[in-house]
Amino acid sequence: MTTESVRFGRAQLPDRQVEVLRRAIRLEWITIGFLVVTATLVFLVLGNSQAMKAAWIEDLLSFIPPLAFLIAVRLARRPPTVRHPYGLHRSVAVGHLVAAVALTAMGLFLIVDSGIGLVTAEHPTIGTLNLFGITVWLGWLMIGVMAVTAVPPVIVGRMKLGLARELHDKVLYADADMNKADWMTSLGTIVGVLGIGVGLWWMDAAAAIFIAASIVHDGVSNLRAAIVDLMDARATTFDDRQPHPLAGRVDQYLAGLDWVDRAGSRIRDEGHVFHIEAFVVPRDETVPLAAIEAAREGCVALDWKVQDVVIVPVPELPDVVEAVIPPGSGA
């Protein structure tokens, strides 16, 4: 992956983002690698524990975000075509939506399944295992596996957060957020297994419901964010906590041009990049084409995430945009 060849659609990535993208792809492959190991180990010591089953299913679901990220990044690099004039950046939002639906649906299933076990008072049992001639309670192996496998996701998840911010990638952020919270799943599973060991059978089902509720929480929050993005809501930061500051930078830049009386824009978040429709009220009725083209190029130069900009001279700004008036204009 050379610097010259790395684009998101027609947006050329700066050297810094190229390196960040390399690291993100590498981390996602590492994530898939340790998920294969984790899911296999958990399956081998699964037993009859509802909490262990919920943890194993969560491990399987954890494959979806990194796979969605890797596929979306590959698709997003394709240039726009006549059929797809905005490029394939929406693949990021589609991947986000698919991961969110899978998490929500499976979390709800686990809540119902574990709830039935709790209501019907199913008493799970954990047997023993002959290991090198020594009889070992299988619960200790379960606890050991959960304790060991809890560490890598937390470390990798925190590393992904910074990368998601620099790439403006919400799928990567969702994956990082899930990884970062995986220690709660491991802790809940350990509590459930210990509950079976001391005769508190209900703790296993309760731990499974706790894990399932965590899955549903991740799913619903990501589902809400994915739907909002697909409905072309106001562009936000990668974590959906506030409006993206790039909108203000574009408006301030345009309002600062000597031929512009006031400006306002609306931004469509396409995934990694933005499509911007900027409306300007000119000081004079006649605006040279060269001035409009220079303004467009100036907006593109503000940030690599600005892929498409349309400058529209209008007599009045639309109601859906916030006007920015140049200082000292007297307006």
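The values are calculated or read from the model by the stated rules, or taken from the named source; none is laboratory data. Predicted, not measured: the structure shown is a model, and the values here were computed from it. Note that each Cβ is placed from the backbone with ideal geometry, even for glycine, and that neighbours are counted across all protein chains shown.
T40: among the hydroxyl-bearing types (S, T, Y), under 21 Å from M106 (Cβ atoms) and surrounded by 20 or more Cβ atoms within 10 Å (Cβ to Cβ), yes or no?
Judged against the criteria, T40 is not a match.
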Checklist entry - Within region 141-164, which residues are closer than 25 Å to L200 by Cα, free of Cβ contacts under 8 Å to residues at least 60 places away in the same chain and either buried (at least 16 other Cβ atoms within 10 Å of the Cβ) or touching a Gly at 6+ places or on another chain (Cβ under 9 Å) (or both)? => result I143, A150
Checklist entry - Out of (1) farther than 21 Å from A206 by Cβ; (2) surrounded by fewer than 17 Cβ atoms within 10 Å (Cβ to Cβ); (3) polar (S, T, N, Q), the odd one out for T120 is which? => result (1)
Checklist entry - With V136, V148 as the choices, which residue is more than 23 Å from W183 (Cα to Cα), of a type in the set (V, I, T) and either at pLDDT 85 or above or touching a Leu at 6+ places or on another chain (Cβ under 8 Å) (or both)? => result V136
Item to check | Residue among F238, F279 that is touching a Ser or Thr at 6+ places or on another chain (Cβ under 7 Å) and either among the polar types (S, T, N, Q) or not assigned by TED's automatic domain parsing to the domain that holds D182 (or both) | outcome: F279
Checklist entry - Scanning for something surrounded by fewer than 21 Cβ atoms within 10 Å (Cβ to Cβ), among the small types (G, A, S) and under 30 Å from A174 (Cα atoms), does region 279-297 turn up at least one residue? => result no
Next on the checklist: Filter region 68-93 down to the residues that are more than 19 Å from A176 (Cβ to Cβ) and without any contact (Cβ under 8 Å) to a residue 60 or more places away in the chain and list them by number.
Outcome noted: R74, L75, T81, V82, R83, H84, P85
Checklist outcome for this item: Checked pairs for region 289-306, first touching a residue at least 12 places away in the same chain (Cβ under 8 Å), second in a helix (DSSP H, G or I) and of a type outside the set (F, W, Y), C-beta under 6 Å and 6 or more apart or across chains, list as C299/V250; L302/R249; D303/L246; V306/C299; V306/V300
Next on the checklist: For region 257-271, give me the residue count where each residue is closer than 10 Å to R283 by Cβ and of a type in the set (A, V, I, L, M).
Outcome noted: 2
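Residue under question is F274, and the condition is that it be in contact with a strand residue (DSSP E or B) (Cβ under 6 Å, 6 or more places away or on another chain) and in contact (Cβ under 8 Å) with a residue 40 or more places away in the chain; does it hold?
Criteria not met by F274.
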Next on the checklist: Out of everything in region 184-236 that is touching a residue at least 60 places away in the same chain (Cβ under 8 Å), surrounded by fewer than 24 Cβ atoms within 10 Å (Cβ to Cβ) and of a type in the set (D, E), what residue ends up being nearest to G95 (Cα to Cα)?
Outcome noted: D229
Item to check | region 212-253: number of residues that are closer than 30 Å to L118 by Cβ and not hydrophobic (A, V, I, L, M, F, W, C) | outcome: 7
Item to check | Hey, R241 of a type in the set (K, R), crowded, with 17+ Cβ neighbours inside 10 Å and either out of contact with any Gly (no Cβ under 8 Å at 6 or more places or on another chain) or free of Cβ contacts under 8 Å to residues at least 12 places away in the same chain (or both) or not | outcome: no
Checklist entry - Inside region 17-134, counting only helices (runs of 4 or more DSSP H) that do not spill past its ends, which hold 3 or more residues that are under 18 Å from V145 (Cβ atoms) and in the same structural domain as N179 (by TED's automatic domain parsing)? => result 50-61
Checklist entry - Given D308, D269, which one is over 18 Å from T236 (Cβ atoms), among the acidic types (D, E), within 25 Å of the chain's Cα centre (by Cα) and crowded, with 18+ Cβ neighbours inside 10 Å? => result D308
